[in-house]
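Working notes, structure below.
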Amino acid sequence: MSTSPTTSPDGRFDVLAAGCPTRQVVNRIGDRWSLLVLYALERGTLRFQELRRTVDGISQKMLTQTLRILERDGLVKRTVYASVPARVEYELTPLGTDLAEAVAVIRSWSYEHMDLIEKARTEYDAAPRG
């Protein structure tokens, strides 16, 4: 079975195919809140409010939804401690750590190239459009 650059080595998945389940993973990686929560948890275990303070601009509702999705995907582990009030902590799973390492390359690329991107945007915005 021949594969294309978008097809998995075993030929089971093709990210460009509409029904491919890997699209959900790509969407997760491309979701800004998921990435930012992963980045925040790279440093270690955090409680909900710590995460909310760390990920500037995220609402409580969005953080809750994002954490549930990341937990469902096996990327984040949620631990509830029996105390009053209950204490809940979040941490990356080994799978989440692996993904965080992979997307750190994108973060580094962004830092490295932001000046060039801003220059390109300025030039584009200044160019006449017809």
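For the reader, a short list of remarks on this structure follows.
- Filter pass, Thr97 being under 28 Å from Ser8 (Cα atoms) and modelled with pLDDT of 95 or more: yes
- Selection from the stretch 88-130 of residues that are over 25 Å from Ile69 (Cα atoms) and surrounded by fewer than 10 Cβ atoms within 10 Å (Cβ to Cβ): Tyr111, Glu112, Asp115, Leu116, Glu123, Tyr124, Asp125, Ala126, Ala127, Pro128, Arg129, Gly130
- Just one residue in the set Val80, Val105, Val88 is within 14 Å of the chain's Cα centre (by Cα) and hydrophobic (A, V, I, L, M, F, W, C); that residue is Val105.
- The residue that is modelled with the highest pLDDT, among those in the stretch 1-25 that are surrounded by fewer than 12 Cβ atoms within 10 Å (Cβ to Cβ) and closer than 19 Å to Gly74 by Cα, is Pro21.
- In the stretch 62-74, the residue that is surrounded by the most Cβ atoms within 10 Å (Cβ to Cβ) out of those that are aliphatic (A, V, I, L, M) and touching a strand residue (DSSP E or B) at 6+ places or on another chain (Cβ under 7 Å) is Leu70.
- So Glu89, is it free of Cβ contacts under 8 Å to residues at least 24 places away in the same chain and either assigned to a helix (DSSP H, G or I) or in contact with a Lys or Arg (Cβ under 6 Å, 6 or more places away or on another chain) (or both): no
- Of the residues making up the stretch 43-58, those that are loosely packed, with under 15 Cβ neighbours inside 10 Å and either under 19 Å from Lys77 (Cβ atoms) or of a type in the set (Lys, Arg) (or both) are Arg43, Gly44, Thr45, Arg47, Gln49, Glu50, Arg53.
The values are calculated or read from the model by the stated rules, or taken from the named source; none is laboratory data. Bear in mind that the values here come from a model prediction, so they are computed numbers and not experimental data. Please note: Cβ atoms are built from the backbone with ideal geometry, for glycine as well, and neighbour counts cover all protein chains shown.
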